[in-house]
Amino acid sequence: MATTDVTGWETAVLDGGPADGLRLKVSGRPRVIQVTHPCQMEAAPHGMRAEGVYVYRRDHAVDSQPLRYGFDIASP
């Protein structure tokens with residue numbers, strides 16, 4: 001098992017789903033990454049918005065950079 005300072009920033013990559021291949025920096029090795037994407041609304045009341053929500057879960061088998069997060073099609 002590789003030792004990594006999990007208090008600092010680490011590179012992670014998202015696998016599958018709408019954000020496939022996106023690379024980002026994470027701190028503390030979160031178990032879940034949530035990605036949102038704005039949706040266009042027709043005749044929405046002032047200040048209302050809608051966003052698509054996509055969930056990626058950390059692959060615990062990967063313990064070195066880049067960390068891997070797989071798309072969870074069943075969430076949320």
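The values are calculated or read from the model by the stated rules, or taken from the named source; none is laboratory data. Everything numeric here is computed off the predicted structure, so don't read it as measured data. Neighbour counts are summed over all protein chains in view; Cβ atoms, including those assigned to glycine, are modelled from backbone coordinates with ideal geometry.
Structure summary
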quantity	calculated
Given (1) in contact with a Pro (Cβ under 8 Å, 6 or more places away or on another chain); (2) under 22 Å from Gly8 (Cβ atoms), index of the condition His37 fails	(2)
Meets criteria (of a type in the set (Gly, Ala, Ser) and closer than 18 Å to Gly8 by Cβ) for Ser75	no
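For every residue, the table says whether it meets (1) assigned to a strand (DSSP E or B); (2) in contact with a Gly (Cβ under 7 Å, 6 or more places away or on another chain); (3) loosely packed, with under 10 Cβ neighbours inside 10 Å; (4) at pLDDT 95 or above.
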| position | (1), (2), (3), (4) |
| --- | --- |
| Met1 | no, no, yes, no |
| Thr4 | no, no, no, no |
| Asp20 | no, no, no, yes |
| Pro30 | no, no, no, yes |
| Ala43 | no, no, yes, no |
| Met48 | no, no, yes, no |
| Ala61 | no, no, yes, yes |
| Tyr69 | yes, no, no, yes |
